[in-house]
1. So, residue 39, is that one modelled with pLDDT under 95 and among the hydrophobic types (A, V, I, L, M, F, W, C) or not?
2. Conditions first: (1) surrounded by 10 or more Cβ atoms within 10 Å (Cβ to Cβ); (2) not in a loop (DSSP other than H, G, I, E, B). Residue 30 passes all but one, so which condition is the exception?
Amino acid sequence: MILARTSTSVELVKTGFEERIGMVARDWSLLYGLATAVIAIFFGWLANVIFRRD
């Protein structure tokens with residue numbers, strides 16, 4: 001049973017670096033996706049090199 005309900009609106013404004021990343025993700029989605037995949041693979045490889053147990 002609901003006793004009360006309230007609705008609130010929130011405006012989110014991105015500026016600076018976050019705005020640019022959002023713009024690239026929206027306008028250049030394929031490039032953004034490929035770049036994030038390459039970065040993830042690189043850091044996975046780097047972690048493997050750093051924490052390797054030989």
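The values are calculated or read from the model by the stated rules, or taken from the named source; none is laboratory data. Quick caveat: nothing in here was measured; it's all calculated off a predicted structure. With ideal geometry, Cβ positions are generated from the backbone for all residues, glycine too; neighbour counts draw on all protein chains shown.
1. It is false that residue 39 is modelled with pLDDT under 95 and among the hydrophobic types (A, V, I, L, M, F, W, C).
2. (1)
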